[in-house]
Amino acid sequence: MRIDKAEVIVTSPDRNFVTLKLTTDDGLTGLGDATLNGRELAVVAYLKEHLVPLLLGRDAHRIEDTWQFLYRSAYWRRGPVTMAAIAAVDTALWDLKGKAAGMPVYQLLGGASREGLLAYGHASGRTIKELFDSIRAHRELGYRAIRIQAGVPGLNAIYGIASNDTFEANEGVRYDHEPAQRGALPAEEDWDTRAYLRHLPGVFEAVRSEFGPELPLLHDAHHRLTPVQAARLGKDLEPYDLFWLEDVTPAENQEALRLVRRHTTTPLAIGEVFNTVWDYQQIVREQLVDYVRSAVTHTGGITHLKKILDYASQYQIKSGMHGPTDISPVGMAAAMHLGLAVHNFGIQEYMMHGERTDRVFEQSFTWTDGHLHPGDEPGLGVGLDLDEAGKYPYITAYLPFNRLADGTVHDW
Ligand code: GCO
Ligand code: MG
């Protein structure tokens, strides 16, 4: 099974997606997700200019060898662009191997460890009323675990709040709370940590008294706090029994979490912007978090994320794979196969894609009673309709950034 053709497809049905498609000499095709939100074309160039020429003629069965070859032969290691490109190759090779074997990828990873994957969605509102409506709407969609993001009085725009008034967003996009504003420049948002820290515990108090103690609730602080601010937030949220508090501090400084951990028993999750096991070394060894957030798409693929999860499992740390809409259906399918197979699965983030995206990517996963299952098609179970994809060319889109009241740029 030799790689005959490697194509990079960029399509923007509801947002930009980058997909690698490998075709073998025996006519099988494999897909890999290489979407890096806001920096998509850097990965396209990395793939087209530097990896595609290396792939042609290679034995598609040699997944580990290909991973090591692409990682080590570059000399320049790690980094989101490199690791997203390697992830796409790795994922496409797993897809091919599954098709060649006539088995879903999770079978090749050791088989199912559970019946389905508990998934959480994103409820949000500028006001408590909007937030409650959003929580109810998510429960109607079947979610059994819900992330809560709330507006903060005095702040105009804030991470995680739907830009649309209604749950059914515009133009057939079911919902997209990610403000991936499309434009020539990144949108500017405002931020005030003290106002946020004062406001958030009251939001959780209101949600718990309305929806009761059972519903698993999550929250994302999106890298905005110092360790001592994060410690205080964790403590203040303890009465509301969070499933996790995510990305409290900027992820680069692993040590920062020591201080947070010393002060709170609120479970912590981190790592959606990490891209290798080395970003987790200290955090895992010192048990500074409870969940690792890496996605297959941004962490070198199924092969490398499996190694991270196996390392984490020695410390009772579980998976919480990143699954916003900027992970394509191919990346989501890879996450589902891996999550179904590993023992230390925790929860899967799942923001539903829009209808246009669902037409471009034919998918075989199921969503039953708040649980995902990748299905039993050979490989990943995802197809790409090139005619549909061709209708939606790339659109420039940046993630927003923050400024404080005095104009200082702050973590977004
Ligand atoms: C999450 C993440 C996303 C990121 C997005 C950036 O927890 O889902 O924080 O919302 O902001 O993936 O592209
Ligand atoms: Mg996050």
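Please report how many Lys pairs in the chain have alpha carbons closer than 29 angstrom, counting only residues at least 8 apart along the chain or sitting on separate chains. Number of lysine pairs found: 29. The radius of gyration of the Cα set in the chain, together with its Dmax, comes out at 20.5, 61 angstrom. Each of Asp385 and His263 was given a label point 7 Å from its Cα along the Cα-to-Cβ line. The distance between the two points is 5.2 nm. Taken as Cα centroids, region 287-303 and region 214-281 sit 15 Å apart, rounded to the nearest whole angstrom.
By definition, a body whose alpha carbon gyration tensor gives a ≥ b ≥ c is oblate when a/c is 1.5 or more and a/b is not larger than b/c, and region 1-81 fits this oblate description. Could you pull out the GluC sites (Glu not before Pro) across region 228-320 that fall in loop regions by DSSP (anything but H, G, I, E, B) with no more than 14 other Cβ atoms inside 10 Å? Listed in order of number, the matching sites are Glu252, Glu255, Glu286. In the chain, the DSSP beta bridges split such that about 50 percent are antiparallel, to the nearest 5.
The calculated FRET efficiency for Val228 paired with Ala42, based on their beta-carbon distance and R0 = 41 Å, is about 0.70. Distance between the C-alpha centres of region 31-63 and region 70-130: 15 Å, rounded to the whole angstrom. Could you tell me the calculated FRET efficiency between Asp310 and His61, based on Cβ-Cβ distance and R0 = 22 angstrom, to the nearest 0.05? Computed FRET efficiency for Asp310 and His61: 0.50.
Using the Cβ-Cβ distance between Gln282 and Asp406 with R0 set to 35 Å, the FRET efficiency works out to roughly 0.55. Taking only the C-alpha atoms of region 1-44, Rg followed by Dmax gives 11.8, 36 Å.
Need one number: % antiparallel among DSSP beta bridges in region 275-410, to the nearest 5.
Around 60 percent of the beta bridges assigned by DSSP in region 275-410 are antiparallel ones.
Segment Gln68..Leu54, full-extension length gain: 3.8 nm, with 0.36 nm per residue of separation and the alpha-carbon distance subtracted. Couplings 3J(HN,Hα) of region 104-121, computed from phi: x, 4, 4, 5, 6, 8, x, x, 6, 9, 7, 7, x, 10, 4, 10, 10, x Hz, in residue order, whole Hz [Karplus 6.51 cos²θ - 1.76 cosθ + 1.60, θ = phi - 60°; x for Gly and Pro]. Peptides 326-335, 203-212 ranked from most to least packed by the mean count of surrounding Cβ atoms within 10 Å: 326-335, 203-212.
Could you estimate the translational diffusion coefficient of region 306-403 from the Stokes-Einstein equation, with Rh from the Kirkwood formula over C-alpha pairs, at 10 °C and 1.306 mPa s, in whole µm²/s? The calculation lands on 104 µm²/s. Of the Cα atoms belonging to region 250-371, the radius of gyration and Dmax stand at 14.9, 48 Å.
Fully extending the segment from Glu205 to Asp376 would add 57.4 nm, taking 0.36 nm per residue of separation and subtracting the current Cα-Cα distance.
Readers should treat all values here as calculations from the given coordinates under stated rules, not as data from a laboratory. No experiment lies behind these values; they were computed from the predicted model shown. In this analysis, Cβ positions are derived from the backbone assuming ideal geometry, glycine residues included, and neighbour counts consider all displayed protein chains.
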